[in-house]
Each structure stands twice: as structure tokens, then as C-alpha cells.
Amino acid sequence: MNGPVPGPPDAPWVVAVVGAGTMGAGIAQACLQAGHAVHLTDAAAEAVARAVTRIGDGLDRAVQRGRLTPRARAAAVERLRAVGGLADAVAGS
């Protein structure tokens, strides 16, 4: 990233994750748990669907382990957007 990040330093970001494989899903989940919105995309729509399921399962495990409250899990899911392409992923970020 070049230059300062716009807005207050503690403001949540919109993070575009391009690639919904294992690593992309993990990055998306980490960003969601940190309070950021995530736009997730992949060239294969099936990969995005699998990643959304994987992220939901990961958030469930975090709740079971006491690392996340059910309310925070629901808020994280609300911040996740599966989008159709790169242009949609970066729109609004």
C-alpha cells in the first residue's frame, strides 16, 4: 500500500479478497473477526460458495472455543459479501 490509509486509523476497512481457496477463506475470516467488511471473489463461483461455508464453519469453531460470541459471529457473517468479480470486489473499498 502506498501512502496513508484514508480515515481514522481504527476505522474498519473493506477488504477485497481475490481468491477463495483455503488461504483466501482464512484471510477473509481473519479480517471478519478483526471487525472489517470483506468482499470475496474468485474466478470459480463454486470456490466462493465453498469458502463461504468454510468461513461459517470456522466462525462456529471460534464460538465453540470461546474466542467469539454468537453475536460477533452473526455480525461477521453480515459483513461478508460474496461478489462476482474483481470490479465488484473493489467497489466501495
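The values are calculated or read from the model by the stated rules, or taken from the named source; none is laboratory data. Because the structure is a prediction, the values reported are computed rather than measured. All Cβ positions, even for glycine, are placed from backbone atoms using ideal geometry, and neighbour counts span all protein chains on display. The protein model used for the area step is the full one, side chains on, heavy atoms only, and it has no ligands, DNA or RNA in it. Shrake-Rupley method; radii C 1.70, N 1.55, O 1.52, S 1.80 Å.
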Taking all protein chains as present, what is the carbon and sulfur share of the accessible area of the chain, in % to the nearest whole number, probe 1.4 Å? 58
Top of Gly35, Gly24, Gly66 by mean-square fluctuation, Gaussian network on the chain, Cα under 10 Å: Gly66
5 angstrom amide H check on Leu80, placed H, neighbours 5+ away: Val38
Per DSSP helix of 4 or more residues, -39500 (n - 2.57); summed, then divided by the residues of the chain. What does that give at 222 nm, rounded to the nearest 500? -15500 deg cm²/dmol
Largest fluctuation, Arg81, Arg50, Arg65 only, Gaussian network model of the chain with Cα springs under 10 angstrom, belongs to Arg65
Considering only protein heavy atoms, what per residue accessible area in square angstrom results for the chain with a 1.4 angstrom probe? 62
14 Å beta-carbon shell around Met23, net charge (K/R +1, D/E -1): +1
Rounded if a/c is under 1.5, else prolate if a/b is larger than b/c, else oblate: which is the chain, with a ≥ b ≥ c the root eigenvalues of its Cα gyration tensor? oblate
